[in-house]
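Take a look at the structure below.
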Amino acid sequence: MTMKSRKTRAIAGVLLLGAGFLLTSRKPYREKTYLIPSGGCRLETAIFDKGDARPQGTVVLFPGLVANKKVMAFLAGGFAEQNLRVYVP
């Protein structure tokens with residue numbers, strides 16, 4: 001390979017990585033986290049919603065067997081995309 005083709009491939013790789021990052025980091029909903037005092041301890045609660053439109057309803061997700069933060073955020077994001085406000089304690 002010549003030096004010019006290596007530079008071209010490197011630049012193309014960096015541009016593709018940047019485009020992939022932008023596409024995966026944009027979310028159609030917003031997420032806010034609040035610390036709510038509850039009986040002497042602070043309960044961290046995340047609220048997901050679209051932000052630009054009035055929500056059509058409300059969902060409260062309680063952790064169950066899969067109390068993994070990533071799984072709960074994935075579920076909450078799906079509900080938020082359907083124009084629902086989601087509370088995740």
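Some values worked out for this structure:
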| item | result |
| --- | --- |
| Which label in (1) 3, 12, 16, 15, 13, 9, 7, 6, 6, 5, 4, 2, 1, 0; (2) 3, 12, 18, 19, 19, 16, 9, 3, 1; (3) 3, 14, 21, 19, 17, 14, 8, 3, 0 gives the computed P(r) over Cα pairs in 5 Å bins from 0, in percent | (1) |
| Degrees separating the helix 3-25 axis from the principal Cα axis of the chain, which is the longest one | 10 |
| Inter-label distance, nm, simple model (7 Å from Cα along the C-beta direction), Lys70/Ser25 | 1.9 |
| Solvent exposure of the range 1-80 as accessible area per residue, Å², 1.4 Å probe | 84 |
| Estimated [θ] at 222 nm from DSSP helical runs (n ≥ 4, -39500 (n - 2.57)) normalised by residues in the chain, nearest 500 | -13500 deg cm²/dmol |
| The chain, accessible surface, carbon-and-sulfur percent (1.4 angstrom probe) | 62 |
| Helix 69-81 vs. the chain, principal-axis angle (Cα, 0 to 90°, nearest 10) | 90 |
| Gaussian network model of the chain, springs between alpha carbon atoms under 10 Å - residue of Val59, Val71, Val14 with greatest fluctuation | Val14 |
| Rounded to 5, the percent of DSSP beta bridges in the chain classed as antiparallel | 80 |
| Neighbour cut-off at most 14 other Cβ (10 Å), DSSP loop, trypsin sites (Lys or Arg not before Pro), the range 1-82 | Arg26 |
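The values are calculated or read from the model by the stated rules, or taken from the named source; none is laboratory data. Remember, predicted model here, so these are calculated numbers, not experimental data. A quick note on method: Cβ atoms are made from the backbone with ideal geometry, for glycine too, and the neighbour counts reach across all protein chains shown. Quick note on the areas: whole protein, heavy atoms, side chains included, nothing else; ligands and nucleic acids left out. Shrake-Rupley method; radii C 1.70, N 1.55, O 1.52, S 1.80 Å.
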